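Worksheet: the structure to be examined is printed underneath.
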Amino acid sequence: MFGMIKNSLFGNSEETEYKLLSSETKDGVSFEVRRYDPGKYAAVSSEGRTYDQVTGELVRKLLMYIGGSNEQGEAMGIAFPIIITVYPRNDGVFSRRLVVGIRIPSTYQISPPTPSDSAIRIEERPGMTVYALQFSGFAAESEYRAEALRLTRTLGETAPYQRKQFFCCSFNPPLKPYGRRNEVWFLQEEP
């Protein structure tokens with residue numbers, strides 16, 4: 001546990017690199033369109049519990065993994081953001097299924113340490129283009145839902161993005177008390 005806290009507060013951190021395709025403002029709402037490269041992610045899933053009930057536990061598992069609770073005992077640092085894939089129902093409420101992922105830091109992309117927790121898997125995720133809306137504060141399901149609705153209204157009905165899932169992203173260690181950065185990402189459908 002100490003390794004997780006030490007790593008997330010004092011370890012090396014990097015922000016996942018992206019290419020900014022555009023920065024736009026519609027109806028007073030600013031958002032970006034970004035392109036992220038493919039890469040390896042540590043991921044853990046849950047079904048049956050709500051977003052607010054389970055995200056802390058799942059994020060902790062991943063922070064323990066990157067903090068040194070892996071077969072090699074390697075503290076890797078962290079690559080932000082922490083990305084939570086959610087699957088909203090038609091009424092906007094999140095289903096009880098989600099996936100939490102953290103990109104493996106660049107130094108370990110070729111050969112990530114083996115997770116010692118069998119719930120954690122290493123995934124090769126494809127590159128993606130996202131619509132990104134930034135907001136601040138501590139974010140739970142209600143805040144992410146409100147910001148997703150704001151981005152949905154801003155983009156309109158004809159924007160080419162996937163509506164069956166989106167990403168709730170946090171760019172800060174869980175214990176950071178102020179100046180927090182969060183984002184909602186909608187995955188652009190590829191032509």
Q.
I'd like the Kirkwood hydrodynamic radius of segment 24-179, using the inverse of the mean 1/r over distinct C-alpha pairs, in Å.
A. 16.6
Q) Once both axes come from the Cα atoms, what is the angle between helix 51-66 and the longest principal axis of the chain, in degrees from 0 to 90, rounded to 10? A) 40
Q: Over segment 13-188, with every protein chain in place, what whole percent of the accessible area is carbon and sulfur at 1.4 Å, could you tell me?
A: 47
Q: Return the single residue from 67, 179, 77 with maximal mean-square fluctuation; model: Gaussian network over the chain, springs between Cα atoms under 10 Å.
A: 179
Q. Check residue 139: other-chain or 5+ apart residues with amide H under 5 Å from its amide H, H built from backbone geometry?
A. none
(Q) Compute, for the chain, the length of the dipole vector about the Cα centre, with Cβ point charges of +1 (Lys, Arg) and -1 (Asp, Glu) only. Units Debye, rounded to 20. (A) 260
Q | Residues of type lysines that residue 61 reaches as a straight line, Cα spacing below 28 Å, ignoring anything fewer than 8 places off in the same chain | A | 6, 40, 164, 176
Q) Mind checking the angle between helix 141-155 and the chain's longest principal axis? C-alpha axes, 0 to 90 degrees, to the nearest 10. A) 40
Q: With springs only between Cα atoms under 10 Å apart, run a GNM on the chain and tell me which of 149, 98, 175 wobbles the most.
A: 175
Q) Counting each DSSP H run of 4 or more residues in the chain as -39500 (n - 2.57), what helix-only mean residue ellipticity at 222 nm follows after dividing by all residues, to the nearest 500 deg cm²/dmol? A) -6500 deg cm²/dmol
Q) Once the Cα gyration tensor of segment 58-118 is diagonalised, what are the square roots of 5 times its eigenvalues, in whole Å and ordered largest first, as equivalent ellipsoid semi-axes? A) 27, 12, 9
**Q.** Accessible surface, per residue, of the chain when the full set of protein chains is kept, probe 1.4 Å, Å²
**A.** 52
Q | Farthest positive-ward along segment 13-188 dipole, Cα basis, beta-carbon charges - from 107, 92, 139 | A | 92
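The values are calculated or read from the model by the stated rules, or taken from the named source; none is laboratory data. Predicted, not measured: the structure shown is a model, and the values here were computed from it. Here Cβ is always computed from backbone atoms with ideal geometry, including for glycine, and neighbour counts include all displayed protein chains. Please note that ligands, DNA and RNA were not included when accessible areas were found on the heavy atoms of the full protein model with its side chains. Shrake-Rupley method; radii C 1.70, N 1.55, O 1.52, S 1.80 Å.
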